[in-house]
Amino acid sequence: MILYILCFILFLVGLFGAITRRNVIKIVLGICIMEYSLNLLLILIGYMEDGVSPIVVKGGESNFVDPLPQAMVITVIVIGLATTAMLLAIAIRLYKKHGTFDIRQIKNLKG
Amino acid sequence: MKEWIPLFVVLPLAGAFIIPVAGSVWKSTGRVVTPLLMLFLTVFSLLFFSFKPQVMVYYVGGWEPIDGIPVGIHFVVDGLSVLMLAIINVIAFAASFYSLSYMHRFTGDRYFYTLFCLMVAGMNGVVITGDLFNLFVFLEIAVISSYALVAFGIEKAELEASFKYQVLGGVASLLILLGIAVIYWQTQTLNLADISVVLQEAGNHKTLVFVQMLFIAGFGLKAAMIPFHAWLPDAHPSAPAPISAMLSGVLIKAVGVYSIMRLFFNMFAISYEISMLIVIIGTVSMVGGVFLAIGQWDFKRLLAYHSISQMGYVVVGIGMGMVILSVNGDQRIATLAITGGLFHMVNHAIFKSLLFLNSGALEYRTGTRMLREMGGVADQMPITSASTLSASMAISGIPPFNGFFSKLLIIIAAVAGGFYLIAVLAVVVSFITLASFMKAHRYAFSGIPKFKGKNMLKEVPFTMGLSMVFLASMCLGLSLLVIPFLRDLVLAPAVDALMNMLHYSQHIHGYTL
């Protein structure tokens, strides 16, 4: 159980970082940490005590770990790649326009 | 017919692949392919209205259920999906046709059409998928392409708005993913119908409340309901006008409100507390959005705040239906409330897209979005002026237009269901909406012309004008949906899909209580 709770704490650490940091890059890192904590959680959900990798062989073991969360994690990693690439591309453009990564100096719009 | 369901995703995805590849040889590929594709999808989605009572299931990759346990991904088209598909593809067609002239000012328009097709593919996917994780994947396809489209102008404001949108959107996606992970943990399945069956057998579980909160926060962020609305007034105005129309018109509905409806009606069992929470969020959005809107002088920003307010109406309508269903109240009132909510969603898609296209037309000719810098445009741009007027009347609920009837349904349902405060607020908000659009007309369209002589304005190019006229005529035409025959054809299957909550899982899973 403690592992699951640590995963959730890692998620909260990422959320805290994404919300409170002032540096554009650190915000991106916060979001990445959230994503990785979820990947870890998904893998843990599929884990079984003494499980082996889920490859079916005739007459082999049947105590498999759940393969579906692993497939999900691969998809999430790919999506995370797209999100991070997009965020960093925008961050680079922001730096070129403003010459700083500090969001207090970038803030023109107010929602 | 069900063999053709994947075309809704496959065709725009194929378009998104072909446009940049073939675009390097023949520059106009995107301009030719995208509107034709969207026209085809529009006709195709409207065709589905003719098979109304069925729920159609397509097994992706031919993975049929084994012993009633779904193993692959299902695409499910029922009444609600058909309604959403029709909205998405109609607006996408109008917006892509409009972009033919509008996007001339931007460089690299083939990337624009690529991203546009991707966004449509993502939204169509969200609407037709019957698998929770697949829903997340399509949602990410739709929103990541919308992040890029918001930043398409690459000026300071666009970049900042896009960054803000991405950070909040990213957090929302991860909250949704956390919810999905916990659901999978509890039920060991990802199929919506299967989850619903497992949850019914397992009874009420405490972790479900946690998951429901995560989904409300996540999808609420995507739908820009009021505590989560901060990104919308920046992101929607910063995008090019046809994209603003898509974002406000369909994206917040397809990935936000549709997902909330689908998950809370057809997957979870409705509980009174959650339904009340949804009603409260809707009411706060409805009232807060309009008060934030009335002080705006930037036309697109004003429209963006009105989006929050009008989506509040939709959520209030749906939420009231949920509350009545959860306490086993009068079915007819619940039906009325949900019909009102869905009808307003259709109408909002039409008139808000039209208003954003109008704002784009004004910006195209006058070069500004600030209402005070315009003036006397009405005589010089008659088509824009007339279509803006009809959309403004629709959004403020003036009788012959569609907005009136949907608001009326919501207000009648609120009175009949005993939500008197909501009924009063809905009327008041409607008046304030009218006031803020009268302000827009007073400053932008009437008054002393500011553009004279050499600066005299011309009417917008043909394709932009035609899209606006098309949507403006739909503003009038959709009010016909209150006629019982048409209502039964278009709205009733969608309402049934939500009202008979268990029907969805029974049909797909073959499970009977």
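The values are calculated or read from the model by the stated rules, or taken from the named source; none is laboratory data. Small disclaimer: the values here were computed from a predicted structure and weren't measured. So basically every Cβ, Gly included, is an ideal-geometry build from the backbone, and we count neighbours across all protein chains shown. Protein only, heavy atoms only, side chains kept; ligands, DNA and RNA dropped before computing areas. Shrake-Rupley method; radii C 1.70, N 1.55, O 1.52, S 1.80 Å.
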So B:F431, is it assigned to a helix (DSSP H, G or I), over 16 Å from B:F343 (Cβ atoms) and under 22 Å from the mean Cα position of the chain (by Cα): no
Checklist (1) more than 23 Å from B:A245 (Cβ to Cβ); (2) open to solvent by 50 Å² or more (accessible area, probe 1.4 Å) applied to B:S473, failing item: (1)
Residue check, A:V76 in contact (Cβ under 8 Å) with a residue 24 or more places away in the chain and either at the interface with another protein chain (Cβ under 9 Å from one of its Cβ atoms) or more than 30 Å from B:H236 (Cβ to Cβ) (or both): yes
Qualifying residue in the range B:210-224 (condition: modelled with pLDDT under 90, farther than 30 Å from B:H104 by Cβ and away from chain A (no Cβ under 11 Å)): no
Criterion violated by B:I432 - all others in (1) without any contact (Cβ under 8 Å) to a residue 60 or more places away in the chain; (2) over 30 Å from B:V55 (Cα atoms); (3) open to solvent by 20 Å² or more (accessible area, probe 1.4 Å) satisfied: (1)
Of residues in the range B:369-384 being open to solvent by less than 20 Å² (accessible area, probe 1.4 Å) and farther than 19 Å from B:V290 by Cβ, the one modelled with the highest pLDDT: B:T384
Boolean, B:H344 is under 14 Å from B:H229 (Cα atoms), buried (at least 24 other Cβ atoms within 10 Å of the Cβ) and in contact (Cβ under 8 Å) with a residue 40 or more places away in the chain: no
Condition met for B:L83 (open to solvent by less than 40 Å² (accessible area, probe 1.4 Å), within 24 Å of B:G256 (Cβ to Cβ) and within 14 Å of chain A (Cβ to nearest Cβ)): no
Failed item in (1) of a type in the set (A, V, I, L, M, F, W, C); (2) out of contact with any Asp or Glu (no Cβ under 7 Å at 6 or more places or on another chain); (3) closer than 19 Å to B:K458 by Cα, with B:I411 passing the rest: (3)
Some residue of the range B:128-145 being open to solvent by less than 20 Å² (accessible area, probe 1.4 Å) and away from every other protein chain (no Cβ under 14 Å): yes
Residue within the range A:24-47 that is at positive phi, within 12 Å of chain B (Cβ to nearest Cβ) and either part of a loop (DSSP other than H, G, I, E, B) or open to solvent by less than 50 Å² (accessible area, probe 1.4 Å) (or both) present: no
Residues of the range B:151-185 satisfying the condition of being open to solvent by 10 Å² or more (accessible area, probe 1.4 Å), more than 10 Å from chain A (Cβ to nearest Cβ) and at pLDDT 90 or above: B:F152
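Within the group A:D102, A:D66, A:D50, which residue is among the charged types (D, E, K, R) and on the phi > 0 side of the Ramachandran plot?
A:D50
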Flag for B:A193 being under 26 Å from A:I27 (Cβ atoms), in contact with a Gly (Cβ under 7 Å, 6 or more places away or on another chain), more than 14 Å from chain A (Cβ to nearest Cβ) and small (G, A, S): no
Breaking point among (1) open to solvent by 10 Å² or more (accessible area, probe 1.4 Å); (2) over 28 Å from B:A494 (Cβ atoms); (3) among the polar types (S, T, N, Q), for B:S99: (1)
Of residues in the range A:48-67 being polar (S, T, N, Q) and open to solvent by less than 80 Å² (accessible area, probe 1.4 Å), the one nearest to the other protein chains (Cβ to nearest Cβ): A:N63
Selection count where residues are surrounded by 24 or more Cβ atoms within 10 Å (Cβ to Cβ) and within 19 Å of the chain's Cα centre (by Cα), scope the range B:385-396: 4
Close pairs (7 angstrom Cβ cut-off, 6 or more residues apart or separate chains): farther than 9 Å from B:G360 by Cα and within 14 Å of chain A (Cβ to nearest Cβ) in the range B:231-246, part of a helix (DSSP H, G or I) and among the aromatic types (F, W, Y) anywhere: B:W231/B:Y165; B:P233/B:Y305; B:A235/B:Y165; B:A239/B:F152
Residues being out of contact with any helix residue (DSSP H, G or I) (no Cβ under 7 Å at 6 or more places or on another chain) and either facing another protein chain (nearest Cβ under 10 Å) or modelled with pLDDT of 90 or more (or both) - total across the range A:1-23: 10
Yes/no for B:A148 being within 11 Å of another protein chain (Cβ to nearest Cβ) and in a helix (DSSP H, G or I): yes
Tally of residues being over 21 Å from B:H503 (Cα atoms) and surrounded by 23 or more Cβ atoms within 10 Å (Cβ to Cβ) across the range B:258-277: 0
Subset of the range A:68-81 (residues that are small (G, A, S) and surrounded by fewer than 16 Cβ atoms within 10 Å (Cβ to Cβ)): A:A71
Residue list for the range B:438-464, restricted to those being within 27 Å of B:M103 (Cα to Cα), hydrophobic (A, V, I, L, M, F, W, C) and out of contact with any Gly (no Cβ under 8 Å at 6 or more places or on another chain): B:A440, B:M456, B:L457, B:V460, B:F462
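To keep it simple, each residue is scored yes or no on (1) among the polar types (S, T, N, Q); (2) part of a strand (DSSP E or B); (3) closer than 24 Å to B:F133 by Cα.
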{"residue": "B:L46", "(1), (2), (3)": "no, no, no"}
{"residue": "B:Y58", "(1), (2), (3)": "no, yes, yes"}
{"residue": "B:V71", "(1), (2), (3)": "no, no, yes"}
{"residue": "B:S81", "(1), (2), (3)": "yes, no, yes"}
{"residue": "B:M84", "(1), (2), (3)": "no, no, yes"}
{"residue": "B:V90", "(1), (2), (3)": "no, no, no"}
{"residue": "B:A94", "(1), (2), (3)": "no, no, no"}
Index of the failed condition, B:L389 passing every other in (1) under 21 Å from B:M246 (Cα atoms); (2) in contact with a helix residue (DSSP H, G or I) (Cβ under 6 Å, 6 or more places away or on another chain); (3) without any contact (Cβ under 8 Å) to a residue 60 or more places away in the chain: (2)
